[in-house]
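A short write-up of the structure that comes next.
The values are calculated or read from the model by the stated rules, or taken from the named source; none is laboratory data. The shown structure was predicted, so the numbers you read here are calculated from the model rather than taken from an experiment. In case anyone asks, the SASA skips ligands and DNA or RNA and just uses the protein heavy atoms, side chains included. Shrake-Rupley method; radii C 1.70, N 1.55, O 1.52, S 1.80 Å.
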Amino acid sequence: MNYVLALLLPPLSILLTGRIFTAIIVFIIWIPAIIFSGGLTHPMFIVLAWILIYQSHEDRRQR
């Protein structure tokens, strides 16, 4: 479900993985990027969120 949330709101899905500081930084960059580029940079944030979600799942498996 977190992967689907990453499609719409990448900063929120990053926050739900437990990376608070990264989510805040991404949110600060994401809003102006969406406004000024017209959404062209949104896929970059989706990929970043998917990578961080995958890493958090891998960390849980190793524990």
Along the stretch 44-51, what does the Karplus equation 6.51 cos²θ - 1.76 cosθ + 1.60 (θ = phi - 60°) give for ³J(HN,Hα), rounded to whole Hz, x for Gly and Pro? 5, 6, 5, 4, 4, 5, 4, 5
The percentage of the accessible area of the chain (probe 1.4 Å, all protein chains present) made up of carbon and sulfur atoms, to the nearest whole number, is 74
For the stretch 8-24, 3J(HN,Hα) per residue [Karplus equation, 6.51 cos²θ - 1.76 cosθ + 1.60, θ = phi - 60°, Hz, x = Gly/Pro]: 9, 9, x, x, 5, 5, 5, 4, 5, 7, x, 9, 5, 5, 5, 5, 5
From highest to lowest solvent-accessible area (probe 1.4 Å; ligands, DNA and RNA excluded), Ser37, Ser13 read Ser37, Ser13
Once you compute Rg and the Kirkwood Rh from C-alpha atoms, what is the Rg to Rh ratio for the chain? 1.01
